[in-house]
Amino acid sequence: MPFDPSLLVHFRQRITAELVNKVNREVVRRLPEATRCQGEKKNPEAESEPPKNRGKLILDATCAPADISYPTDFSLLNQARVHTEKIIDVLYEPLKGESLKKPRTFRRIARKDYLAVAKQRRPSRKTRRKALKKQLQYLRRNLSHISHLLELGASLKNLSKRQYKTLLVVSEVYRQQLWLFKNHKKSIEDRIVSLSQPHIRPIVRGKAGQAVEFGAKLSASCFEGYALLDFISWNSFNESGDLKDQIEAYRDFTGSYPESVHVDKIYRTRENLTWCKDRGIRISSPTLGRPPKEVSVQKKKQALEDEKVRNGIEGKFGTCGSGDLASVE
């Protein structure tokens, strides 16, 4: 075959997000020159004047959901325990003939303890804490067995690359979950929610029905029908801090600041409002402070128009697919 699936993955893994953005920005920057009419003449007087604000810029942020099961502390510890049991089997194999008993992992009992709580529809808080404690103890015993086998001569070279990576991730998961259990906390910095994809972080979005999403958070801009991926990160961030850079990037493309910027309420910070006001840029969405008792018909009509314009970037998220946008990372 001229192309093999692994060949496409080979190229995709070497194309960085910076390269993709560089190509997209260059295409958008050269578009006005390519679409300009041949008979159009340049006006030297107009070029000498300072450029006026024109155009509309739409900004928004979204989360590209990762393909993982909904994580819970209980299920995460159970998966970690199962992986450590497989690692113990691999490390013990070369030492089997040296009159060394295989370490006991109590895997059948641990499995029964897990299913006894996992099958309950709504276990109580006391039941969950008791089950978490048991899984932490099973995992601690397995990690100590692995350390003991390494001291007796077992080598990490017997593990595959995936098993070695999983062992490092499991050790960090045990540390985090033990700290959460002892301190009665529900969050910790750089929390791991997936053993196979430890880079994924929980992103609090506050949406109805799904307050927390798991995946990469990205900040995008849209103007004249073109959407650009400005920033992407697996860690949560405040998208309002990207407004200035996105507007300056718009100026690089078009040669002038936008006439209006259509954003959510989160972008309307006092710093951003002052910065845009000094440059003659109007920001959509409601003003800060207590809402007025009476709103003029003109302002209501303007707010409705702004919301219609802002729907353009929501359509881009639906057309492109946030998962496709995050694949460049």
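The values are calculated or read from the model by the stated rules, or taken from the named source; none is laboratory data. In this text the structure is predicted, and so the values were computed from the model without any measurement. Cβ: placed from backbone, ideal geometry, glycine included. Neighbour counts: every protein chain shown.
Okay, residues lined up against (1) at pLDDT 90 or above; (2) in a helix (DSSP H, G or I); (3) more than 22 Å from the chain's Cα centre (by Cα); (4) not β-branched (Val, Ile, Thr):
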position: 199; (1), (2), (3), (4): yes, no, no, yes
position: 204; (1), (2), (3), (4): no, no, no, no
position: 212; (1), (2), (3), (4): no, no, no, no
position: 216; (1), (2), (3), (4): no, no, no, yes
position: 237; (1), (2), (3), (4): no, no, no, yes
position: 245; (1), (2), (3), (4): yes, yes, no, yes
position: 257; (1), (2), (3), (4): yes, no, yes, yes
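Checking the conditions here, which among 305, 314, 294, 271 is among the acidic types (Asp, Glu), in the same structural domain as residue 247 (by TED's automatic domain parsing), over 28 Å from the mean Cα position of the chain (by Cα) and outside any loop (DSSP other than H, G, I, E, B)?
Residue meeting the stated conditions: 305.
Mind checking which residues of segment 274-291 are outside any strand (DSSP E or B) and among the β-branched types (Val, Ile, Thr)?
274, 281, 287, listed by residue number.
Being among the polar types (S, T, N, Q) and in contact with a helix residue (DSSP H, G or I) (Cβ under 6 Å, 6 or more places away or on another chain) narrows it down to one of 260, 285, 233, so name that one.
One residue alone meets the criteria, 285.
Listed here are the residues, each with its yes/no results for (1) farther than 27 Å from residue 234 by Cβ; (2) free of Cβ contacts under 8 Å to residues at least 12 places away in the same chain.
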site: 78; (1), (2): no, no
site: 89; (1), (2): yes, yes
site: 120; (1), (2): yes, yes
site: 142; (1), (2): yes, no
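Do you know which residues across segment 233-260 are touching a Lys or Arg at 6+ places or on another chain (Cβ under 7 Å) and not aromatic (Phe, Trp, Tyr)?
Scanning segment 233-260 gives 233, 235, 236, 256, 258, 259, 260.
Per-residue answers, yes or no, for (1) within 30 Å of the chain's Cα centre (by Cα); (2) buried (at least 17 other Cβ atoms within 10 Å of the Cβ); (3) not small (Gly, Ala, Ser); (4) not assigned by TED's automatic domain parsing to the domain that holds residue 147:
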position: 56; (1), (2), (3), (4): yes, yes, yes, yes
position: 77; (1), (2), (3), (4): yes, yes, yes, no
position: 84; (1), (2), (3), (4): yes, yes, yes, no
position: 88; (1), (2), (3), (4): no, yes, yes, no
position: 99; (1), (2), (3), (4): no, no, no, no
position: 110; (1), (2), (3), (4): no, yes, no, no
position: 113; (1), (2), (3), (4): no, yes, yes, no
position: 129; (1), (2), (3), (4): yes, no, yes, no
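In this structure, is residue 191 without any contact (Cβ under 8 Å) to a residue 60 or more places away in the chain, touching a helix residue (DSSP H, G or I) at 6+ places or on another chain (Cβ under 7 Å) and either closer than 30 Å to residue 304 by Cβ or not small (Gly, Ala, Ser) (or both)?
Yes.
Can you confirm whether residue 99 is hydroxyl-bearing (Ser, Thr, Tyr) and modelled with pLDDT of 90 or more?
When the stated conditions are applied, residue 99 does not pass them.
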